[in-house]
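The values are calculated or read from the model by the stated rules, or taken from the named source; none is laboratory data. A quick note: this is a predicted structure, and the numbers were derived from the prediction, not measured. Glycine gets a Cβ as well: all are built from the backbone with ideal geometry, and neighbour counts include every protein chain shown. Remember, those area values only see protein heavy atoms, side chains included, never the ligands or the DNA or RNA. Shrake-Rupley method; radii C 1.70, N 1.55, O 1.52, S 1.80 Å.
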Amino acid sequence: GDLSTPIPPMGEDEVGTLAENLEFMRSSLKDSHEEVERRRMETESLYDINLEISSLLDTDKILGSVVYEARTLLAADIAMLTLRNEQGGLYVRAISGTQAQATSVIPLTPGRGFAGAVFERGYPLSTGDYLSDPTFVRDTVVDAALSREGLRSHLGVPLKVGNQVLGALVVARREVKSFSKQEVSLLARLGNQ
């Protein structure tokens, strides 16, 4: 039952081969157990959010819970949820993380900056270093705020009803690091809720 202690090499004969195979099995089982535990925690968090959404009538509390959980689950420094306004622009509807209030008043434009790109393209986007990524149309006000905060890696998913994009759910970290496929999938599931 001890999956944390490696099985030491035992020579080059049959016993050594057996030990090598047992070590491979131990390592694989340990990785599988860790993955199951990670998925269990994700499922519990998504379930808790569903319960909270179904029990709350206050939209601000629901959206606050969503961005808080997104930030927590993805170990992000900031999470924000943007929505389209009546004029076709975007505004920050809910935010969680450092300097949240200062960042929440920045005007956002569809197609410009990271959140605007997620909104306009309508599919998940990620970048390991937004401020150095040439694939995004720049917004000087947004970029200046991100630079002040030191936010580098970004992941965002569109918020949709049918085929209509209503906004975006975005998380960001200060470290320069790409998001994994599992993290993209987790944020997409959270956004779908």
Just to verify a result, which residue in the stretch 6-33, among those that are open to solvent by less than 100 Å² (accessible area, probe 1.4 Å) and among the acidic types (Asp, Glu), is nearest to Glu69 (Cα to Cα)?
Asp31
For the stretch 143-158, which positions are open to solvent by less than 20 Å² (accessible area, probe 1.4 Å) and either among the small types (Gly, Ala, Ser) or within 14 Å of Thr82 (Cα to Cα) (or both)?
Ala145, Ser153, Leu155, Gly156, Val157, Pro158
What number goes with the only condition from (1) under 21 Å from the mean Cα position of the chain (by Cα); (2) part of a helix (DSSP H, G or I) that Glu20 does not pass?
(1)
The residue that is most open to solvent (accessible area, probe 1.4 Å), considering only those in the stretch 107-139 that are small (Gly, Ala, Ser) and over 18 Å from Ser185 (Cα atoms), is Ser132
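Residue-wise test of (1) under 14 Å from Leu90 (Cα atoms); (2) in a helix (DSSP H, G or I); (3) modelled with pLDDT of 95 or more.
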residue: Val118; (1), (2), (3): yes, yes, yes
residue: Arg138; (1), (2), (3): no, no, no
residue: Ala144; (1), (2), (3): no, yes, no
residue: Ser147; (1), (2), (3): no, yes, no
residue: His154; (1), (2), (3): no, no, yes
Please determine, by comparing only the residues of the stretch 161-191 that are assigned to a strand (DSSP E or B) and without any contact (Cβ under 8 Å) to a residue 24 or more places away in the chain, which one is surrounded by the most Cβ atoms within 10 Å (Cβ to Cβ).
Gln164
Counting only residues that are basic (Lys, Arg) and out of contact with any strand residue (DSSP E or B) (no Cβ under 9 Å at 6 or more places or on another chain), how many does the stretch 133-161 have?
2
Selected residue (criterion: modelled with the highest pLDDT) from residues of the stretch 92-111 that are over 19 Å from Thr59 (Cα atoms) and part of a helix (DSSP H, G or I)
Thr103
